[in-house]
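Data first, discussion second: the structure below is written as structure tokens.
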Amino acid sequence: MADRVTVIGWDGSPLTAAARSALGAATLVAGAAHHLTLPEVPPGAERIRLGSVSLAARRVAGHRGTAVVIADGDPGFFGVVRTLRAPEFGLEVEVVPAVSAVAAAFARAGMPWDDAQVVVAHRRTLRRAVNVCRAHTKVAVLTSPGAGPAELGLLMEGVHRTFVVCEELGTTREQVRITTSDKAADHIWRDPNVVIVIGGPTGPAVAGDTGWIAGRAPGTGPRGWALPAEAYGGGLGEGESELLRAAQLARLGPRVGDLVWDIGCGSGAFATEAARAGAAVLAVDRNLEACARTDAAARRYGVQLQIVHGTAPHVLENLPEPDVVRVGGGGAAVVSAVADRRPQRIVAHAATRDAAELVGRDLSEHGYRVECALVQSVELDTRAWTETERSVAFLLSGALPDRTK
């Protein structure tokens, strides 16, 4: 095992005295090609090109001597420190930090970033990174080859955003270019780069509030979930009662990185509350008035929604892959079309037992584990404790047993 392991962050600035001292004593240096050519790297040191961090960590762990690992930006922020400290390598490291690529990118753009989401995009997480960009007004994306600005733009079809692309930060080839999501695929971008994705409506401003937590601020809307009809202008449709909506949200559990389909969005109550949870939402309805109400609800609560006017199941064919889906209208035919797309979870409702059995049978045939509950809500006037409204519905939920996330 290496006698000493030092991780040095590199942001293009002159190396600190601590970094120069560690490099001067190194018998093994791991880093990218531009790191290994630094004049401070000892001529006699073994050099490892840093491709797979896990492979490099294994080499470092087996080295008898003093090792240095150089990484772009702050190595403790989505960097190599996590891998080097993993139990399988048993490495204790000293870290010489640097300005993170995200901080540098926002500095070049002249923008604050305490209110930004930060995501990493590679081939496995690109879709989830795009969903965060759909759902939030300011996102920094740490890209990788094959998951860069062009791929982000292509997957954001139908959602307009501004891209601030910061290429090769800290090098002599550093460049900041501004484009839009629909034009990003028209350019060739140099790696490494950070993309700042901005745009869309913002939540209601709070007087005198200068921020107190990094990222998406919690509690910017009214407290509670399954808000009453008055919160959405009244007149909620069938399947939008507070209790049923709360149960649907609980079964689906929308979260940051998810894409939610809300088919038959009606008033926009469910879609808005799923977006308040941080998920990206596609709200679908064949009724233009419903689309307008949904848009108004989203704007009222400062959340991002993409609204699609069309009739399911046909309109669903070209939509991006969902993680969870609420079917608010269309019955078994729509549920079947949704199940063909294999989302992790689906919820639907039915007014009769026969209709519920039809939907449940279809979900089962698609391999979903099905639950059904009869949900009844009774509203009371507490002045006289008399019943004012009653709603009854069968709530069906399906989950793929081989999808645990």
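The values are calculated or read from the model by the stated rules, or taken from the named source; none is laboratory data. Predicted model, so just to flag it, every value in this text is computed and none were measured. In this analysis, Cβ positions are derived from the backbone assuming ideal geometry, glycine residues included, and neighbour counts consider all displayed protein chains. Please note that ligands, DNA and RNA were not included when accessible areas were found on the heavy atoms of the full protein model with its side chains. Shrake-Rupley method; radii C 1.70, N 1.55, O 1.52, S 1.80 Å.
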Item to check | Wholly within the range 296-405, strands (runs of 3 or more DSSP E) carrying at least 1 residues that are within 20 Å of S267 (Cβ to Cβ) and free of Cβ contacts under 8 Å to residues at least 40 places away in the same chain | outcome: 306-309, 369-381, 386-399
Checklist entry - Is it the case that the range 120-129 has a residue that's within 17 Å of T6 (Cα to Cα), open to solvent by 20 Å² or more (accessible area, probe 1.4 Å) and touching a Leu at 6+ places or on another chain (Cβ under 6 Å)? => result no
Checklist entry - Right, A350: within 24 Å of A229 (Cα to Cα), within 35 Å of the chain's Cα centre (by Cα) and either open to solvent by less than 40 Å² (accessible area, probe 1.4 Å) or modelled with pLDDT under 95 (or both) or not? => result yes
Next on the checklist: Looking at D258, D285, D262 in this structure, which one is farther than 22 Å from R342 by Cβ and of a type outside the set (A, V, I, L, M, F, W, C)?
Outcome noted: D285
Checklist outcome for this item: Over the range 184-209, the set of residues under 10 Å from T162 (Cα atoms) and modelled with pLDDT of 95 or more is A184, V195, I196, V197, I198
Item to check | Matching residues, the range 306-326, being open to solvent by 30 Å² or more (accessible area, probe 1.4 Å) and within 16 Å of E289 (Cα to Cα) | outcome: Q306, I307, H309, T311
Next on the checklist: Every residue in the range 372-405 that is under 22 Å from D340 (Cα atoms) and among the charged types (D, E, K, R), please.
Outcome noted: D402, R403, K405
Checklist entry - Of these, L142, L91, L126, which one is at pLDDT 95 or above, in contact with a helix residue (DSSP H, G or I) (Cβ under 9 Å, 6 or more places away or on another chain) and closer than 29 Å to L15 by Cα? => result L142
Item to check | Residue in the range 146-154 that is over 17 Å from R123 (Cα atoms), of a type outside the set (V, I, T) and surrounded by fewer than 22 Cβ atoms within 10 Å (Cβ to Cβ) present | outcome: no
Checklist outcome for this item: Result of the Cβ filter at 7 Å on the range 12-28, keeping first residues that are in contact (Cβ under 8 Å) with a residue 24 or more places away in the chain and partners that are assigned to a helix (DSSP H, G or I), at least 6 apart or interchain, is L28/V60
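Okay, residues lined up against (1) at negative phi; (2) touching a His at 6+ places or on another chain (Cβ under 8 Å); (3) modelled with pLDDT under 95:
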position: L28; (1), (2), (3): yes, yes, no
position: T37; (1), (2), (3): yes, no, yes
position: V68; (1), (2), (3): yes, no, no
position: D114; (1), (2), (3): yes, no, yes
Checklist outcome for this item: Considering only helices (runs of 4 or more DSSP H) wholly within the range 1-107, the ones with at least 1 residues that are open to solvent by 10 Å² or more (accessible area, probe 1.4 Å) and closer than 23 Å to V195 by Cβ are 33-36, 53-61, 80-84
